[in-house]
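Here's the structure, in structure tokens; my notes come after.
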Amino acid sequence: MDLARVRSSVVFVSLWEAHRRVWVEVSGWAIISNHGANEGFVELHLKDCGRGTQVLKILIKKPTTAQYFHNDKAITQKDLKTLVHSYNIQVDNLCTFLAQDKVKSFSEQSPQELLENTLKAASTTLLDERNELIKKQKEEGNLEKMIEETKKKMKQTDSVIETLAPRVQNYLKKQAMQTRLTLIMKKKALVAHVGVEARYEREKEKVKDLKDKVDSSHKLLQKKIAALESLDKKKGTFDADMNKARTQMKSAKQMLESSSINADFRSELADLERDFRRTKERAEKWESENERLKDQLDAQKEALVEAEQEMEGYKESNDQYAKKMHEFQKDDDLLEADYKTWQRGYQDFKDKSQKLAEEYNQTERFDRDRFFLLKNRFNQSLAGDAWEWYLKNKKEFDAPVYVPLLHMRVPNAKDNLFLENLISMRDFAMFIFGSKDDEKRLMRAGQWRIASTVVDSREMRTFPTDIPAELAQFGIDRFAADLFDGPAPIKHFFCEANALHRVPICTRDVDIDSVSRMLLRGGIKLFLTATQRVMSNISRYSGETVTQMSPLRANSNILSCHDARKWPSACNLEAAKEEIRAREQEFRRKKEELEGRKKELDERKNKERQMMNQWRLKKQKVETVKNALREWQRRLDKNKEGKPNVEDAKKGWEEGKSQLEKKERKRLIKMFHNLVEWKKAMIRYLNISVANEDVLSAFRKAREEKEEQFIVWDEEKKTLERESRELNVYKDRIATTLAAFKKETGLSTHLEEKMNMEELKKWKEMNKKFAREKLPDAFDELREEEENEKGRIQCVQNDGDERDLIKLEELKEVKVELERTLDEQATRQRNRREKMEEEIGKWLEPVNEIINKINKNYGAFFERLGCNGEIDLDKPEDITRMTDYGIRIMVKFRESDKLRRLDHQVQSGGERSVSTMLYLLALQEECPVPFRCVDEINQGMDPTNERKVFDVMVEKLSGNGNLGKSQYFLLTPKLLSGLKFTKAVTLQIVHNGASLDRNAHKWDASAFLERMKKDKAEREGRAT
């Protein structure tokens, strides 16, 4: 059976995919059956410069048999595969051979499969290294299983220890509970007495400070009254200055209006147009025009004599003008020197003002520290760039945008550990928007990879964090939501996402099992202690409480900039501010003086320029008459040469028009100069107006400050009277608490310098016991500890004995041995991991180089289509997970879309075809192979993209790159008309079909082309 009678795709698939027996035999046999034959063959000739032309053949017979031949010698299927691989021909690789029905399969490839096929086409060495690394990854998994087994044993040991610990603890505690209760009562009496004495001293000092504060407020009130009277006088001075500036502005405006009037331009332009029309008329009446030109020439000569007489004295006036302008320049230089001196002084003033502003803006710098933390910690997501863009375009947003890392504050630095164990790193950099529109606005502005959410103010709610009494008695003093302060949307987000309002914090030693059971009754499964994260649940099988504890993760210091102790404090710089304001007024007055001198000098200059302009007008008149004289002489001479030429007249008209336009531009420049002078006058007026407004504002502010200061002084005086009464109350309480202290401790005082030897010995022994029992120093905590201790004495159980204590010590030794084993296993795992990371790093270097080259080609091809495409290496978070490395293809076909991953469920068939074809071209540019084949891949494309992709293929395949070195087969049932071909392209048409004429093989292609050329010429002749 002839090759021309076989379907195009079978030509290659039958030969190279022969090992896929079912598909080949069905496809091949269906074709053979259609032609009524029992067997058929496909033969392929490969040109090999080293071994000569290689002839490969497959013979397909009924019903399902196939034979393979190499240079007419029968070979096995295995031999065929070996020969195929020797030529680097990868028929089963979608990156080398791709049919139309495989386009979907290409887009369905996982990133890992795409990476494997790409390496198979690009570098078998890198593919082998990848497979070897995957094998090592599996060996690493066996060691992880051993570590997990050791951890399981440790967990079992910990479980038994956890069971015994309460019994042993109960056994030890019940021996010392009564003694502890007595110590608590003694310290409570001591703390109560010391607290009352300290409060009395504080109240005493407070009353003293209030007296000083009242005196200071009264003095400040007197100063503000004096300042108000001073500002009232200054306000009258500014009113007079405003009237003077208003008069100057009106004068400058009148000069501007006078220079805006120009009636001569249009008149002279009309004269030129009139002359042009007359020239055309003279063309018809040449004789009469010649006489008229002579008359005009004589008139211009007389006008020139008159104009030159008016120019007498011009040279003397011009010399005098130059001398005065030289003097004016000296005054200008002196004024410029004074102005530079003022500028230097003003710059020094600005530096001092800036320093003052910096002292007041410590909080702003503190915010910048947190911004740098956001930018550096989350540089891969470009969170810092996104925040900077938001600040520049903040007015475009409907509601404020919050980022927890920038806006939350932690009053206590110790709470950072709890928050970092409850909130993920990603949520700290979460962009919280007030609306969906705001979120879209920021996301469209750049290629950020930030995490974002929307918290609508209408949907925000309050999350209660009050501690119930039953929780407080177990040592729980707050919920996680109270560990930080921040805007309401941030609070709402963390309570919704992390349920911080339902995570209790317990910083004291507590019975974890009891707390877990009590919290589960309220539906709370998670709480934190000072060192542990505790997760509780009720077993669905036994109904018992199951508690899992894990140590808190180490603090990553991401909230180090949020410590309240580091917040900047404002300082009193009022005196410095007053000095700055006074100097600012001085600089303003000096500037006004310089501007007045400048104005006077400019007026003198303008006066001299106006006088000189009169002479220049006379000179200009002479030049105008001379130009006119020359023009009339030229016209007369030209008229004498023959009949006037209308075209030359038109040219003269255009040149005259150009000269008039130049004059008009000079007038406009003068008008603009007057406009600038008017603007300066207006600015001076506005500056005075602003200064006057500042004075009025300062006057109103001073009046308000005086009234506010009076209210402050009155309130402080009332507060002093109230605190004095409170001081007397605390004086009476000291006697009461001292009596209670003597009763409980048997000591007469708590001051060591007032004790005798016996009391001092008793006092030191009592303090040692306090320290040993770690009793709190706060009275409320001691009272709560007393009640708890009494409750424990009543509720203490009689379980636990010495045998439990011995067994507990034995289990602790076993745990130490297990920890040693676990450390050894972890060291082995770490060493293996480091070695594997090093090997993966070496493997990644050439892989990244290949992918970067493919990405560069891929992006360039997409730009030619007016679209966007990117290729990158999809890396796992754990770099040793070799099975998770892959290649990700991102495409965008519309301006309004974002880059999306190539997927058979997202892009259309045509878009997948374009993306696939361009990827093959980008890959194949870097991976030379003998030949490639794509089958009907253009059938799913729209005409525009098909044409562009075809142009890219022809250009690359005809060039000097790797693609130009390969034989490329594009199989298709049809092509677009008008495609561009090069000499490197060969077009072959396969005739096939049941209705094909038996004599079709006798078809004369040359005769057909000649007939088509003749038909085309006839159509073009009829069209013309």
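Residues considered: LYS599, LYS607, LYS590. Of these, the only one that is open to solvent by 90 Å² or more (accessible area, probe 1.4 Å) and either touching a strand residue (DSSP E or B) at 6+ places or on another chain (Cβ under 8 Å) or modelled with pLDDT of 80 or more (or both) is LYS607.
For segment 448-479, a residue qualifies if it is in contact with a Pro (Cβ under 8 Å, 6 or more places away or on another chain) and outside any loop (DSSP other than H, G, I, E, B), and the qualifying residues are SER457, LEU471, ARG478, PHE479. Determine if segment 401-412 includes at least one residue that is farther than 29 Å from HIS501 by Cα and open to solvent by less than 60 Å² (accessible area, probe 1.4 Å). Checked against the condition, which is being farther than 29 Å from HIS501 by Cα and open to solvent by less than 60 Å² (accessible area, probe 1.4 Å), segment 401-412 yields no hits at all.
Of all residues being of a type in the set (A, V, I, L, M) and over 18 Å from VAL534 (Cα atoms) in segment 484-508, which is nearest to the chain's Cα centre (by Cα)? Just the residue, please. Among those that are of a type in the set (A, V, I, L, M) and over 18 Å from VAL534 (Cα atoms), it is ILE490. For segment 906-929, indicate whether the set of residues that are open to solvent by 10 Å² or more (accessible area, probe 1.4 Å), of a type in the set (A, V, I, L, M, F, W, C) and touching a strand residue (DSSP E or B) at 6+ places or on another chain (Cβ under 8 Å) is non-empty. Among the residues of segment 906-929, at least one is open to solvent by 10 Å² or more (accessible area, probe 1.4 Å), of a type in the set (A, V, I, L, M, F, W, C) and touching a strand residue (DSSP E or B) at 6+ places or on another chain (Cβ under 8 Å), which makes the answer yes. Name the single residue, out of those in segment 449-467 being touching a Gly at 6+ places or on another chain (Cβ under 9 Å) and open to solvent by less than 50 Å² (accessible area, probe 1.4 Å), that is farthest from ARG553 (Cα to Cα). In this case the residue turns out to be ASP456.
Check segment 85-104 and report whether any residue there is touching a Phe, Trp or Tyr at 6+ places or on another chain (Cβ under 8 Å) and modelled with pLDDT of 80 or more. Checked against the condition, which is being touching a Phe, Trp or Tyr at 6+ places or on another chain (Cβ under 8 Å) and modelled with pLDDT of 80 or more, segment 85-104 yields no hits at all.
A Cβ distance below 6 Å, combined with a sequence gap of six or more or placement on separate chains, defines the contacts here; from segment 811-834, residues that are under 14 Å from GLN156 (Cα atoms) and among the charged types (D, E, K, R) reach residues that are open to solvent by less than 70 Å² (accessible area, probe 1.4 Å) and part of a helix (DSSP H, G or I) in the pairs LYS815/THR157.
Residues checked against (1) within 58 Å of the chain's Cα centre (by Cα); (2) at pLDDT 80 or above:
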site	(1), (2)
LEU675	yes, no
ASN692	yes, no
LEU696	yes, no
ASP732	no, yes
THR737	no, yes
GLU744	no, no
LYS754	no, yes
LYS761	no, yes
GLU765	no, yes
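Selection of segment 492-512 for residues being open to solvent by 50 Å² or more (accessible area, probe 1.4 Å) and either in a helix (DSSP H, G or I) or among the polar types (S, T, N, Q) (or both) yields GLU496, ALA497, ARG502, THR507. Residues that are within 19 Å of GLU113 (Cα to Cα) and at pLDDT below 80 within segment 879-900 are absent altogether.
When the strands (runs of 3 or more DSSP E) confined to segment 11-82 are screened for residues that are open to solvent by 30 Å² or more (accessible area, probe 1.4 Å), at pLDDT below 80 and of a type in the set (Gly, Ala, Ser), none reaches at least 3 such residues. For segment 421-448, the candidate set comprises residues that are within 22 Å of ASP398 (Cα to Cα) and charged (D, E, K, R); within that set, the residue that is least open to solvent (accessible area, probe 1.4 Å) is ASP438.
Could you please find all residues in segment 717-755 being within 30 Å of MET766 (Cα to Cα), among the aliphatic types (A, V, I, L, M) and in a helix (DSSP H, G or I)? Answer for segment 717-755, where residues must be within 30 Å of MET766 (Cα to Cα), among the aliphatic types (A, V, I, L, M) and in a helix (DSSP H, G or I): ILE734, ALA735, LEU738, ALA739, ALA740. Across segment 870-887, not a single residue is classified as surrounded by 18 or more Cβ atoms within 10 Å (Cβ to Cβ) and within 24 Å of LEU970 (Cα to Cα). Within segment 760-777, the set of residues being open to solvent by 40 Å² or more (accessible area, probe 1.4 Å) and in contact (Cβ under 8 Å) with a residue 12 or more places away in the chain comprises LYS762, LYS769, GLU773, ASP777.
All conditions in (1) in a helix (DSSP H, G or I); (2) at pLDDT below 85 hold for ASP903, with the sole exception of (1).
The values are calculated or read from the model by the stated rules, or taken from the named source; none is laboratory data. Bear in mind the structure is a predicted one, so any value in this text is a computation, not a measurement. Cβ sites come from the backbone with ideal geometry, for glycine too, and all protein chains shown count toward neighbours. All accessible areas refer to the heavy atoms of the entire protein, side chains included, with ligands and DNA or RNA removed. Shrake-Rupley method; radii C 1.70, N 1.55, O 1.52, S 1.80 Å.
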